[in-house]
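Participant: The structure's right below; bear with me while I get my questions together.
The values are calculated or read from the model by the stated rules, or taken from the named source; none is laboratory data. If you're wondering where the values come from, they're calculated on a predicted model, not measured in any experiment. Neighbour counts are summed over all protein chains in view; Cβ atoms, including those assigned to glycine, are modelled from backbone coordinates with ideal geometry. What goes into the accessible areas is simple: the full protein's heavy atoms, side chains included, and nothing from ligands, DNA or RNA. Shrake-Rupley method; radii C 1.70, N 1.55, O 1.52, S 1.80 Å.
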Amino acid sequence: MTTTHQDPAKQHNWAGNIAFHATRLHYPETVEQLQEIVSRSHKLKVIGARHCFNEIADTTEDHVSLEKFDQPLVLDRARRTVTINAGMTYGQLGLQLHQEGFAIHNMASLPHVSVVGACATATHGSGDNNGNLATAVAALEMVIANGDVVTLSREQHPDQFPGAVVGLGAVGVITKMTLDIVPLFMMQQEVYENLPVAQLEEHFEAVLSSAYSVSLFTDWQQGRVNQIWLKRRLPSEVGLALAPSFFEATLAPVPRHPLTRLSADPCTVQMGIPGPWHERLPHFRVDHTPASGDELQTEYFVPRQHAVAAMRAVASVQAQLEPSLLISEVRTIAADTLWMSPSYQQAAVGLHFSWKKDWPAVQKLLPLLEEQLAPFDARPHWGKLFTMAPARVQALYQKLPDFQNLAHAYDPQGKFRNAFLDAYIFGAG
Ligand SMILES: Cc1cc2nc3c(=O)[nH]c(=O)nc-3n(C[C@H](O)[C@H](O)[C@H](O)COP(=O)(O)OP(=O)(O)OC[C@H]3O[C@@H](n4cnc5c(N)ncnc54)[C@H](O)[C@@H]3O)c2cc1C
């Protein structure tokens, strides 16, 4: 096991907008080593791939990286599950699972995030019938605040498990996760450009349900959606024909980056060329770094039935957003039963904003955006930037009291709490 006081790369998040306050960084290699660290610590958080944009992963004392937890994945072919160690990223999982003939139901735009860190914040991809990534979790093992190891499963602990999965790092240090898997499948991806907003509004349901996963990229300008990414699931290895147009949008003649002016080299294969699920579901390739972290991100989730109205509300402040906005993405997420998921018991639409890296400017804009989306009870992404008042965020989660009780049961002294969790989950603390 290694313990360091300094690892410059790990003293801040991926985007570099959050400096961490941990005084120690531990790299345990076994659960026993982790148990010892957790038992001794007063304040502790895990860092995954550090891709959150806010302070959710920060702590004042002990940071733990589980990247040396590198035990191989364990497949249960009969139950259709895979158990992974907490050091694994989606990119690593995708490759290994595919070689074994299996897949997971969905992936986020970037495969570089850790499975556990992504599930902890309800990270999602797109698709009307696809729940967020945490909905695939069937069981988890964690080290709780007193150092004990606890296992919770969907089947055996229905009173706690739905709270622990999107656990925001507040319940315990997750060491293993068991995920539902499906037989591997092939996909193709194509991009259409310049969808008139009028077409989208008239055919919203048809557009968003037209493929296994659909993403809309827009700068909210000129009455059009800049790009539509369709990820289609294929019955075989043979690709489907590409229509030259899609609801008055036209097929992109060359591969596209969501920001059209940038090279599409970091992006997953487009142009309808068939390929494995894990090389089409993310927008970005596992062997490329899509950007240097030179951006900030925000996302709000609104109930699906309000999608068109919410998009109109955002478009109405487009002029104010324009100087700071790189691009927005709109995706759909199926309803789930995970207490702290923004799509708890409601199908949702995620309205995402990639911003230029200028927090003072973005910080001024967010209240405006949040005011526009307040009538739709918009919930912020747990891993991205927002300025909503803690009381407002808390009011949006009906299962919050149960979640507080669950966290308290496993962490009575608040070892896993930090300023972010104290504010948004536990009130004034
Ligand atoms: C370029 C980019 C693209 C993105 N695309 C998407 C997207 O498509 N969809 C989407 O929804 N989000 C997206 N995100 C947000 C991202 O998926 C989330 O922020 C996610 O939580 C990051 O995972 P991570 O491994 O970096 O976790 P971290 O940021 O390292 O940690 C997240 C939280 O999980 C906790 N945690 C991590 N590991 C453990 C553990 N073992 N036990 C207990 N707690 C743990 C941490 O303490 C922290 O509270 C994107 C972010 C970036 C930077």
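Participant: Just the accessible area for residue 114, please: 1.4 Å probe, Å², rounded to the nearest 10?
Facilitator: 10
Participant: Quick one: net charge of residue 423's neighbours, Cβ under 14 Å, K/R +1, D/E -1?
Facilitator: Value of the local net charge: -1.
Participant: Students sometimes get this wrong: rank 336, 70 by accessible area, probe 1.4 Å, all chains present, largest first.
Facilitator: Result of the area sort, largest leading: 70, 336.
Participant: Then there's this: Going from most exposed to least, what order do 192, 424 have by accessible area with a 1.4 Å probe? Display every interim value, and only then the final one.
Facilitator: Details: 192 5, 424 40 Å².
These residues rank, largest area first, as 424, 192.
Participant: At a 1.4 Å probe radius, which order do 42, 12 fall into by accessible area, largest first?
Facilitator: Ranking 42, 12 by accessible area, largest first, yields 42, 12.
Participant: Can you tally the net charge around residue 190? Count Lys and Arg as +1, Asp and Glu as -1, for every other residue whose Cβ sits under 14 Å from the Cβ of residue 190.
Facilitator: Values: positive: 231, 232, 233, 256, 280; negative: 193.
Overall, the nearby charge balance is +4.
Participant: For residue 363, put the label point 7 Å out on the Cα→Cβ axis and report which residues of the stretch 1-40 keep their amide N under 18 Å from it.
Facilitator: 13, 15-21
Participant: Suppose only helical runs count, i.e. DSSP H with n ≥ 4. What mean residue ellipticity at 222 nm does that imply for the chain under -39500 (n - 2.57) per run, divided by all residues and rounded to the nearest 500 deg cm²/dmol? List each step's numbers first, then the result.
Facilitator: Working: 12 runs with 92 residues, N = 429.
My calculation for the chain gives -5500 deg cm²/dmol from helical runs alone.
Participant: Mean projection of the alpha-carbon convex hull of the stretch 79-135 over all orientations, in nm²?
Facilitator: Values: hull surface 16.1 nm².
Across all orientations, the stretch 79-135 yields a mean hull projection of 4.0 nm².
Participant: If I stretch the segment between residue 273 and residue 206 completely, what's the gain in nm (0.36 nm per residue apart, minus their alpha carbon distance), one decimal?
Facilitator: Details: separation 67, 0.36 × 67 = 24.12 nm, distance 2.33 nm.
Additional length available on full extension: 21.8 nm.
Participant: Something else about it: Too long at a 30 Å Cα-Cα cut-off: which of 45/356; 231/399; 43/176?
Facilitator: 231/399
Participant: Sticking with this structure for a sec: Distance in nm between label sites at residue 159 and residue 42, each 7 Å beyond Cα in the beta-carbon direction?
Facilitator: Going by the 7 Å Cα→Cβ label model, 3.4 nm.
Participant: Once you have the Kirkwood Rh of the stretch 340-408 from its Cα pairs, apply Stokes-Einstein at 10 °C and 1.306 mPa s and quote D in µm²/s.
Facilitator: Roughly 118 µm²/s, to the nearest whole number.
Participant: Under a 1.4 Å probe, what is the accessible area of the stretch 74-183 per residue, stated in Å²?
Facilitator: Per-residue accessible area for the stretch 74-183 comes out at 33 Å².
Participant: If the reach is capped at under 20 angstrom between alpha carbons, list the aspartates and glutamates near residue 10, excluding any in the same chain fewer than eight residues apart.
Facilitator: Straight-line reach from residue 10, under 20 Å: 29, 55, 58, 61, 62, 67, 70, 294, 295.
Participant: Still on this structure: Using the Kirkwood radius built from alpha carbon pairs, what does the Stokes-Einstein equation give as D for the stretch 311-368 at 10 °C and 1.306 mPa s, in µm² per second?
Facilitator: Taking Rh from Cα pairs, D becomes 122 µm²/s.
Participant: Would you report the distance distribution of C-alpha pairs in the chain as whole percents per 10 angstrom bin, up to the bin with the largest distance?
Facilitator: Percent of Cα pairs in each bin: 5, 22, 33, 26, 12, 2, 0.
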